[in-house]
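> Can you keep this structure in mind? I'll have questions shortly.
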Amino acid sequence: MERKTILITGATSGIGEATARLFASKGWRIIVTGRRADRLRALKDELKGEYGAQVLPLVFDVRDKKQVDASLGTLPEEWRAIDVLVNNAGLAAGMEHLDAGDPADWEQMIDTNVKGLLWVTRIVAPLMIERAGAPDHDGEGGHIINTGSIAGRQVYENGAVYCASKHAVNALSQGMRIDFLRHGIRVTEIRPGMVETEFSQVRFHGDAERAAKVYDGVEALGGDDIAEAIFWAVSRPPHVCIDEMTVTPRQQANAYYTDRK
Ligand code: NDP
Ligand code: 8X3
């Protein structure tokens, strides 16, 4: 069987890294992206050693359209047949009432979570469309997975801009599902609740103590739980599209209610 290819943005840590590991273990070819080149190199070596995986690491900042175009727009021929794109790179920055928020944080969240997702999609979706039209194509369209959040459906205090960015991911996922319908591209929005990754450390600008408190008394999800959900969505039969999936820890009902022990 021909090996399939997945491109995962934000694969240097957390959900993206776990997704790269899982797909590599299943025999997929992996394109991993992020800004931290050393981590991508280490991941490539690990996946190659552990699973014999073919891995292409690409270093770019999703906020920078020029970097995205230069990197994804010049993919080597053998890496252009992308079956699955996981738009995962993202972050929350800061947690304050709107009147006290830092505009630099707002810009970082909107530029990464919304515009970055668009910059990557506008390069990769046409590759999927072009391939679907080729005479020797197997009839399966591509698959785009967008990492949304429970914050894309509910808004909580001190999180207005992050929540707005994830509401935008929800709208973009719905729009992609409509616009790419005739090209047979499946679009899945995965909406995690609390996942213990570097997310909270990034949100609190490196304050590890404050970050750890987020998960006090809760068995949070791990990146691998979301990776499993992504793999499940991708491995449905070709006529099935999982539109949306919300995954929370058992102790979290939604953005407002958590049963801490
Ligand atoms: P991590 O902080 O562990 O990972 C975030 C990843 O995004 C890193 O690989 C980082 O790579 C990458 N990234 C961030 N900014 C950029 C950028 N400008 N350009 C390129 N890559 C970037 O967090 P998670 O794994 O938890 O987050 C992954 C996604 O899941 C995010 O979209 C987040 O909003 C979402 N999410 C997370 C939840 C959680 O509780 N953890 C819950 C719901 C959704 P690098 O720094 O090397 O560039
Ligand atoms: C991350 C989960 O609840 O902090 O998207 O918004 S939450």
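> As a test, work out the antiparallel percent of DSSP beta bridges whose residues both lie in the chain, rounded to the nearest 5. Before the final figure, lay out the partial values.
Details: 1 of 27 bridges.
For the chain, the DSSP antiparallel bridge percentage is about 5.
> Something else: Can you give the accessible area per residue of the chain, in Å², using a 1.4 Å probe? Kindly include the intermediate steps, with their values, before the conclusion.
Working: 12590 Å² over 261 residues.
That works out to 48 Å² per residue.
> Now, a different point. For the chain, what does the helix formula give at 222 nm: sum of -39500 (n - 2.57) over DSSP H segments with n ≥ 4, over the residue count, nearest 500 deg cm²/dmol? The partial results should precede the final answer.
Numbers: 9 runs with 101 residues, N = 261.
It comes out at -12000 deg cm²/dmol, rounded to the nearest 500.
> With the dipole of the chain worked out from charges on the C-beta (+1 for Lys and Arg, -1 for Asp and Glu) around the Cα centre, which of G142, Y256, I6 lies farthest toward the positive end?
It is G142.
> Let me ask another. Tell me the relative contact order for the range 5-247 as a rounded percent, counting alpha carbon contacts under 8 Å between residues six or more apart. Mind dumping the intermediate values first?
On the way: 452 pairs, mean separation 51.1, N = 243.
After rounding, I find 21 percent.
> Here's something else I'd like to know. Using Stokes-Einstein with the Kirkwood hydrodynamic radius over Cα pairs, what translational diffusion coefficient do you get for the range 100-218 at 37 °C and a viscosity of 0.692 mPa s, in µm²/s rounded to a whole number? Walk me through the numbers before you get to the answer.
Values: Rh = 16.1 Å.
The Stokes-Einstein estimate is 203 µm²/s.
> In angstroms, what radius of gyration and Dmax does the range 1-147 have, counting Cα atoms only?
Every Cα atom of the range 1-147 included, Rg and Dmax give 16.1, 56 Å.
> What number comes out for the charge environment of R36, summing +1 per Lys or Arg and -1 per Asp or Glu over other residues with Cβ under 12 Å away? Present the calculation step by step, with values, prior to reporting the outcome.
Working: positive: R35, R39, R41; negative: E17, D38, D61, E198.
Local net charge: -1.
> Next up: What lysines could a cross-link reach from K261, if we take a straight Cα to Cα line under 25 Å and drop same-chain neighbours fewer than 8 places away?
K213
> If you don't mind, there's one more thing I want to ask. Hey, could you grab the Kirkwood Rh for the chain? Inverse mean 1/r over distinct alpha carbon pairs, Å, one decimal.
Values: mean 1/r = 0.0535 Å⁻¹.
Taking the inverse mean of 1/r over all distinct Cα pairs, the chain comes out at 18.7 Å.
> Whole-Hz ³J(HN,Hα) for each residue in the range 2-7, computed from phi via Karplus 6.51 cos²θ - 1.76 cosθ + 1.60 with θ = phi - 60°, x for glycine and proline: what do you get?
Once θ is set to phi - 60°, the couplings for the range 2-7 become 5, 6, 8, 10, 10, 10 Hz.
> While we're looking at this one, here's another question. Give, as a single signed number, the net charge of other residues whose beta carbon lies under 12 Å from the beta carbon of I6, with Lys and Arg counted +1 and Asp and Glu -1. Don't jump to the answer; show the numbers that get you there.
On the way: positive: R3, K4, R21, K26, R29; negative: D83.
My count for the surroundings of I6 gives +4.
> Here is a follow-up. How much accessible surface area, in Å² rounded to 10, belongs to the heavy atoms of C241 with a 1.4 Å probe?
50
> So, one more: Checking the table K4/K44; K26/K66; K66/K166 against a 26 Å threshold on Cα-Cα, which pairs fail? It would help to have the intermediate numbers written out before the result.
Details: K4/K44 17 Å; K26/K66 33 Å; K66/K166 24 Å.
Too far apart for the 26 Å limit: K26/K66.
The values are calculated or read from the model by the stated rules, or taken from the named source; none is laboratory data. On a predicted model such as this, the values are computed, not experimentally measured, just so you know. Backbone-built Cβ (ideal geometry, glycine too); neighbour counts: all protein chains shown. We work out accessible area using only protein heavy atoms, side chains counted, and drop any ligands, DNA or RNA first. Shrake-Rupley method; radii C 1.70, N 1.55, O 1.52, S 1.80 Å.
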